[in-house]
1. Which whole-Hz couplings ³J(HN,Hα) result when phi for each residue of the stretch 47-60 is put into the Karplus expression 6.51 cos²θ - 1.76 cosθ + 1.60, θ = phi - 60°, listed in order with x for Gly and Pro?
2. Rounded to the nearest 10 degrees, what's the angle between the helix 2-21 long axis and the longest principal axis of the chain, both from Cα atoms, 0 to 90?
3. Run the numbers for Ala506 and Lys174: contour at 0.36 nm per residue of separation, minus the present Cα-Cα distance, in nm.
4. Restricting to the chain, compute how many DSSP beta bridges are antiparallel as a %, nearest 5.
5. Under the Karplus relation 6.51 cos²θ - 1.76 cosθ + 1.60, θ = phi - 60°, what is the ordered set of whole-Hz ³J(HN,Hα) values for the stretch 324-336, x standing for Gly and Pro?
6. Note the full-extension length gain between Leu163 and Asn370 as 0.36 nm times their separation in residues minus their Cα-Cα distance, in nm to one decimal.
7. Extending each Cα 7 Å along its Cβ direction at Ile142 and Ser451, get the distance between those two points in nm, one decimal.
8. To one decimal place, what Kirkwood hydrodynamic radius in Å is obtained for the stretch 113-254 from all pairs of distinct Cα atoms?
Amino acid sequence: MNKKIIVLLYLLISTLLIGCSSAEQTAIDAASGSKIKENIEYTIEQIYFSKSFQSISPSIKVSEVDGKNKISLNLGLSEYSEISIDDMKIEGDQFNVYISGNKDPSTKNLSVPQIILELKDNSIEDLKNIDFNIIYNDYEYIDIKYKINDVLNKLESQFELALNSSPNFNLIKKDDEILWKIEYKNIVSKDGENYPLINLSADVDANTGELLEYKKENISSVVDMGNILDFNNENSFLYEKTVDIKKDKSQSELWLFDSIEKEKTLIYNCSLPISAAATSDDLSHIAFIEKNENLSQAYIYSKDDDKVYKLQLENDFNPQIIRWRTSDLLYLLENKENRSLIYSYDIKTNNVELVSDTNKNISNIVAGQNGFIVAETIEKSTNKKLSFTSDFKKYKSINDGFNPKFINNSTIAYLENDERLDIDYLVIYDLEGEKIFSKIMEDVVEYKPGSSGNIIYLKNNPNYKDFTLSNYLIDLKESTDLIDIIDKNVYYNDKENLIYLNVGLAVKDESLNIIYSIKLKE
């Protein structure tokens, strides 16, 4: 009998021991009855200390990428220079990540530590039904009342800012205060006559919202209201201005601005919009196009007698583009469906000649001393088929691109659209050698030949909220950034180190176009 009892006890103990060994990974909390899963395997992919300050409150995000479970931890605003994961476990329906941090006593830099990790435990199946939590062991995050959007809205209202771009901002700790440091550059202020361009810097208490200190600086003067049509790098530009003459009635005016004398001259006014304008090289004549829906008419303004002459062209010819070949010879293009017409006009003899009537779909021509760059439309492409011709009969192929311009007699430039990346590169091309000389691998918006073997170009910044004006030295193949700017309609006079900025604004249900001048710092 005693032997039977001993055998039964032995079997019972053996069964219990087998049950315990199979539960080494998952334990049962005797008090709550909930499962606790420990020793979760993971790989840390990235730890970084963000200073974007767009999202400063703690958060945790779970996602699935290529069948793998990813966790992104935002640990909240802090002064920590080092962070670590102490533990990670599932407790019931709670997935808890335990965090600690270390501070560097020599610095008080604020940042938002963030961790991206991948879970290696494939037995964790339905993460959507689990609550994820950050548990702070030795870590305190800083909570502030006024987030960045609150502060920006407050400043934009107080200073009546018309925004075309975002400011630079930072969070700093000064004594016991947390401060937002905001910096606007080249921003339009509606609080002032003619909506001046300003630089604005401000310090704002992140917990009270109080504006502690600010500096407001006017950086521009207003040339006029209007849209720049043609810019001469050395001394002048043409612009169109819309003027209200009666209730619900307006007229277009063509003005010439002398950037040396800082004088404005009214050239012409009409009831129709002016779609294009160009000044001859010797500044003696101005050609422009007046457009009414699908109909257009070309005119010449003579500076010598201060008169405007209507060009006598074919009745069904509607010019879209005008280009000066010399100071006396003008070329005009009309691009119709499956047909392009090009006329030349000699202002001395008043001789009109049909230069080309072709089935090429020509969208642009650019005149140089030795010939023309012709751009033909390529269906469903930003790029055009570029070629060179001296007589519009024989064409020498260049490359695919758009917006071509002569740099000198033997060099041209054009933009090349990379459709895959949606980026426009600036290409410098040697006509004589029939090869690419150099390529600027940046997202270029616009460019213009300078006055001394250089190219001034405007590029998109990575945030796509503003632009940078840069100077490219062709011989050295080197670029220098000049200024960040809020609008892409910018024109640079490199002799005077002066830029003209054409900004479109919506103010009080009214559309305004303002031309500013800004003197750059040496």
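1. So the J values, rounded to whole Hz, are 10, 9, 10, 6, 10, 6, 6, 6, 10, 10, 8, x, 7, 9.
2. 10
3. Going from the current span to full extension adds 115.7 nm.
4. Once the DSSP bridges in the chain are tallied, antiparallel ones form about 95 percent.
5. Values, residue by residue: 7, 8, 9, 5, 10, 10, 10, 10, 10, 10, 10, 9, 9 Hz.
6. That pair, Leu163 and Asn370, stretches by 70.0 nm at full extension.
7. Roughly 5.0 nm, to one decimal.
8. Its Kirkwood hydrodynamic radius stands at 20.4 Å.
Just so you know, all these numbers are worked out from the coordinates, no wet-lab data involved. Everything numeric here is computed off the predicted structure, so don't read it as measured data. In this analysis, Cβ positions are derived from the backbone assuming ideal geometry, glycine residues included, and neighbour counts consider all displayed protein chains.
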